[in-house]
Amino acid sequence: VLISHGGKSNGYVLYLEAGVPHFGVRLPDGLYEIAAPKAIGDDWVHLAAVMTGTAEIKLYVNGKEVASREVPQFIAQDPNETLCLGMDRGSLVGGYGSENGFVGMIDELKIYGGALQPAAIEAAAKA
């Protein structure tokens, strides 16, 4: 797990499984996830996950959109469980079976109060 916020009732998570980036949103009716089509390898990568104003989740790798799907609603409220970096403590947001601790380096983390446009994500990946 790179970042998680929330738990079994609502929240979001960005994590790697066998090197494949996943982004998940937990809503009252279940977990909605997307995944990149392939593993990212051992090089530095820029990952971005977005929930748009039209209730769609998107995943970007190095500034390029690699996965998306519609979800039935936004996260209904601010998650009760704390924001965690490098693991998922408490009740789990994602479909993995443990805290799923991340081994590696996270260079920079930014959380925005709105969805970035694709051009802004691409520019951030090149910075």
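The values are calculated or read from the model by the stated rules, or taken from the named source; none is laboratory data. Being a predicted model, the structure only gives us computed values, none of them experimental. Using ideal geometry, Cβ is built from the backbone for each residue, glycine included, and neighbour counts are taken over all protein chains shown. Heads up: the accessible areas ignore ligands, DNA and RNA and are worked out on the full protein's heavy atoms, side chains in. Shrake-Rupley method; radii C 1.70, N 1.55, O 1.52, S 1.80 Å.
Averaging the inverse of every distinct alpha carbon separation and then flipping it gives the Kirkwood radius. What is it for segment 23-127, in angstrom units? One decimal place: 15.1 Å for the Kirkwood radius. Calculated FRET efficiency, Phe102 to Lys8, Cβ-Cβ distance, R0 = 25 Å: about 0.75 to the nearest 0.05. Packing, taken as the mean count of other beta carbons within 10 Å per residue, orders the peptides 24-31, 11-18 from highest to lowest as 11-18, 24-31.
Computed over the Cα atoms of segment 76-127, the ratio of the radius of gyration to the Kirkwood radius (Rg/Rh) comes to 1.03.
Accessible area per residue for the chain is 57 Å², calculated with a 1.4 Å probe on protein heavy atoms, without ligands, DNA or RNA.
Rg and Dmax over the alpha-carbon atoms of segment 34-76 stand at 11.7, 36 Å. Given a 1.4 angstrom probe, I'd like the percentage of the accessible area of segment 4-124 that is carbon and sulfur, rounded to a whole number. Carbon with sulfur: 51 percent of the solvent-accessible area.
Once you order the gyration tensor axes a ≥ b ≥ c over the Cα atoms, which shape class does segment 1-57 get: rounded for a/c under 1.5, otherwise prolate or oblate by comparing a/b with b/c?
Values: a/c = 2.20, a/b = 1.74, b/c = 1.26.
It is prolate, given that a/c is not under 1.5 and a/b is the larger ratio.
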